[in-house]
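*Asks:* Let me begin by handing over the structure; questions about it come next.
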Amino acid sequence: MLLFTLSMAVLGFGQEQGESKKINCSADVLRYDASVNPDIQILTGNVVFTHEGAICYADTAFYNEKTNVIEAFGEELIIHINDTVHLYGKYLMYDGKTKIVFIERDVILSDEYSVLYTDRLTYLRNEAYAYYDTHGTIVDDSNTLDSEQGWYYTETKDVYFKENVVLVSPDYTVETDTLRYNTQSKIAYFLCPTYIFSDDNSIYCEDGWYDTEQDIYQFEKNVRINTPDQCMQGEYIWYDKIHDIGIAKKNISVYDSVENVLILGEYAEYYGQEGFTFITDSAIAVLIDGKDSLFMHSDTIWANFDSAQNVSEVLAYHQVRFYRYDLQGSCDSLVYWAKDSIINMFRSPVIWFEKNQCLADTVRLFIRNREIHEMHLIRNSFICEDVFKENKFNQIQGRNMFVYFLNNAIDYVFVDADAECLYYVLDEQKALIGINQSVSKQMRIDFADNEVSLITLYKTVKGDMSPEKDKSNVFLRDFIWLNQYRPKSKEDIFMPAFYKPELKIELTEEEEE
């Protein structure tokens, strides 16, 4: 055995002048063991080796001059890849030709943005990335990420995690199989089916990203967001948590289990601080109640929230149409006051139920237990009913009407001002007796079994009963039958709504006051 002992010697064995790719070593002690391998230098005590900008500190090392490979050991083994990237472990192998570092046992990789913990790691200096396959954990100042495999690109600060990936942030926990995370920007990118959990909700998506620093999310592909009371789905959902602003696109559905309401559409925006949201492009609202579900469509559906984030007002505007098996409607715009359960219909409103059609400038519906309790027809009011033969209609006309319901059927109608009615009178066998036509200041029409049972006139101007053959005109002045606009099924809510020509309304002196 040939033994050399050096004290704090600088070793450059096997190097020629200017040959920079050889590893430079120094140690307290250097020795050779020719019986084992004469090409290997054995270094002990304060070992230091450098190679093209990298520097390593160890307790012991074995350097092979021919292969330019060094193995190093130490309880506090450190290799500085550059000024910002540092590796710690207890065993290291470094190849001076390929510039590949293999390090294991309590491995730490640190830079200015994060720290990586694993048990075994390979670092490729030429490509500037590290790889582990024995489970690793990355920690920065706000997040912790775990995975079975990982690739850390130290120049771009991108980390690719694979298999059993878990990201824990202050507000969310992310679970997925593949994820990219940038330790500088602190943005996580979802690359496959991903689950996100918080105290308030759970989220599923198959693509997208999460800015953990700015609290901004973008979820894509089969997105589902579940809260205790709501479920939202879509192909694209973007949300800024700090400013409470969100955008959703394509195949959007929002279900509220408390109100039992489903909202559908292709584009939506949400403004939490301003207290409103809207959905458009094939917008549909469904009030779910089994076979009694109501389907409504309009160009845009808008909802306002109160301070408790409960819906206080719903607005639907332009081409509004709705369908329920026992109630249909059409108008240009609609406002629903949630607290009072009142629906206001504006501009060419029409209501159909059973054989009845109701029109006015404005229609106001009062809802109780999802049934109409009361209906106000305001200005230019008209109700007509399709009678037993074609082109025969019972008709009520007046300035304002108030319709009261009992057991989901008309109980009575009160007409206030300019009241007129034209009714076909039938005997017990449903044979026509004649036509009753009356004009008065006010009028009340009572119903029984969906038929007129009593007409009460106030301040009568005139009233008569005559055979049908003696009536030259069996329609009141403002009669119009709009059955072609009536939705016959939930699919018909996409048909064009009815619009009557705009009329200039002359107010009386009393109304002007």
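*Asks:* Sort out which residues of region 333-353 are more than 27 Å from the chain's Cα centre (by Cα) and of a type in the set (D, E, K, R), and write them in order of number.
*Replies:* Hits for region 333-353 are ASP340, ARG347.
*Asks:* Taking the criterion of being among the basic types (Lys, Arg) and outside any strand (DSSP E or B), would at least one residue in region 165-180 satisfy it?
*Replies:* No, region 165-180 has no match at all.
*Asks:* Let me ask another. Quick one: CYS192 ticks every box in (1) closer than 30 Å to ALA248 by Cα; (2) assigned to a strand (DSSP E or B) except a single one, so which number is it?
*Replies:* Tallying (1) closer than 30 Å to ALA248 by Cα; (2) assigned to a strand (DSSP E or B), CYS192 fails exactly one: (2).
*Asks:* What number of residues in region 402-413 are closer than 22 Å to ILE435 by Cα and surrounded by 19 or more Cβ atoms within 10 Å (Cβ to Cβ)?
*Replies:* 2
*Asks:* While we're on this one: Filter region 138-169 down to residues that are basic (Lys, Arg) and more than 17 Å from PRO193 (Cα to Cα), then give me how many there are.
*Replies:* Matching residues across region 138-169 total 1.
*Asks:* If you go through region 305-317 one residue at a time, do you hit one that is buried (at least 21 other Cβ atoms within 10 Å of the Cβ) and either basic (Lys, Arg) or in contact with a His (Cβ under 6 Å, 6 or more places away or on another chain) (or both)?
*Replies:* Within region 305-317 (the criterion being buried (at least 21 other Cβ atoms within 10 Å of the Cβ) and either basic (Lys, Arg) or in contact with a His (Cβ under 6 Å, 6 or more places away or on another chain) (or both)), the answer is no, since none of the residues qualifies.
*Asks:* Okay, moving on. On the given criteria, is ILE378 modelled with pLDDT of 90 or more and not acidic (Asp, Glu)?
*Replies:* It is true that ILE378 is modelled with pLDDT of 90 or more and not acidic (Asp, Glu).
*Asks:* Report the residue count in region 183-227 for those that are surrounded by 21 or more Cβ atoms within 10 Å (Cβ to Cβ) and touching a residue at least 60 places away in the same chain (Cβ under 8 Å).
*Replies:* Of the residues in that region, 2 qualify.
*Asks:* Can you list the strands (runs of 3 or more DSSP E) found entirely within region 66-144 that contain at least 3 residues being free of Cβ contacts under 8 Å to residues at least 24 places away in the same chain and at negative phi?
*Replies:* The qualifying strands (runs of 3 or more DSSP E) are 69-80, 86-95, 100-110, 115-124.
*Asks:* Failed condition for GLU420, given (1) surrounded by 10 or more Cβ atoms within 10 Å (Cβ to Cβ); (2) at pLDDT 85 or above; (3) within 30 Å of HIS318 (Cβ to Cβ), with all others met?
*Replies:* It is condition (3) that GLU420 fails.
The values are calculated or read from the model by the stated rules, or taken from the named source; none is laboratory data. Everything numeric in this text was worked out from a predicted model, so none of it was measured. Every residue, glycine among them, receives a Cβ derived from its backbone with ideal geometry; neighbour counts consider all protein chains shown.
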